[in-house]
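Data first, discussion second: the structure below is written as structure tokens.
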Amino acid sequence: EYGSEAYADARLTARGWRQCEHFKETLESRDAYGKMLETCELVVVSPLTRAMETAAGMFGSVDGDGCVLMEATRAEAMKACERPALRCDARLRGGKKFVALEMVREQIGGNPCDRRRSVSEYRREFPGVDFSLIEDEDDVLWKPGRENREPEPVLRARARKFLDWCFDREEDSIIVVTHSAFMCNLMVEYCFGGHVPSENMREHMHAWPQNCECRPLVVVDTRRKLTTSPFYHAGGDPEDAEE
């Protein structure tokens, strides 16, 4: 159904919403969910409806007292499930925010499900998401036809650009809610520089992502001094450190 206009900017199905709940339940059972929210400094989300609904489903709640991430939606055949409004989890408050970013969109072009709607519509439906970094009101990146599908080398270049964007941010702990093709190509691009990962790492990083899969990465930017971690120690003699 990739070519069907009925699924333009597709929303989550009932199964997709259950997968969001399964993510939360799994991490809660490990006492990891709260730690993730408390350490997170920024949530970057693709400006496609299913990604923003996923972010709201994974990090919002009906009973929360934070800002409204997603307004209530009505059921619509082949379009939407009926959902209550979802508020940001209290542990994601205090200056932390959700930011929509074109760079983390799904592979662009060809499929109507990967064409976004106007920013004005999104602002009404997702008031807790910051759209200030989206330059164009309407989608100028998407073009119809399989011949206009974004080539993988271009997608990987976009993934590299996004990594550079992350390096230039002040935040160190960033949650990214994105799509399978972008996530998979980001994992491959992450192993840049000609280094060949071990078989176990390759199986982990290069595997095609599942819905609601959460894959943690630690990325070191060698352009920075490694002083952000409390465990970092430069070594050498005490007098050298004092100098």
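At-a-glance table
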item	result
Counting DSSP beta bridges with both ends in the stretch 2-149, the antiparallel % (nearest 5)	45
Cα gyration tensor shape of the stretch 49-113, rounded if a/c is under 1.5, else prolate or oblate by comparing a/b with b/c	oblate
Linear extension gain, Glu41 paired with Val140, 0.36 nm per residue minus alpha-carbon span	32.6 nm
Tensor-based shape of the stretch 74-204 (alpha-carbon gyration tensor, a/c under 1.5 rounded, otherwise prolate or oblate)	oblate
Distant-in-sequence amide H partners of Leu42 (H built 1.01 Å from N, under 5 Å)	Ile175
Axial C-alpha extent at least 24 Å, average Kyte-Doolittle at least -0.5 - helices from the chain (DSSP)	none
Whole-number accessible area per residue in Å² for the chain, which is evaluated in the context of all protein chains at 1.4 Å	58
Order of exposure, largest accessible area first, which applies to Asp168, Asp237, Asp114 with probe 1.4 Å	Asp168, Asp237, Asp114
Proximal aspartates and glutamates relative to Lys35, as straight alpha-carbon distance under 18 Å, when same-chain residues fewer than 8 apart are discounted	Glu21, Glu25, Asp89, Glu171, Asp172, Glu213
Rg(Cα) / (2.2 N^0.38 Å) computed for the chain, rounded to two decimals	1.09
Gained length - Val219 relative to Arg117, 0.36 nm times residue gap less alpha-carbon distance	33.5 nm
The chain - percent of accessible surface contributed by carbon and sulfur, probe 1.4 Å	51
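The values are calculated or read from the model by the stated rules, or taken from the named source; none is laboratory data. Please read all numbers here as calculations on a predicted model, not as lab measurements. Accessible surface is based on the protein model in full, side chains and every heavy atom, while ligands, DNA and RNA are left aside. Shrake-Rupley method; radii C 1.70, N 1.55, O 1.52, S 1.80 Å.
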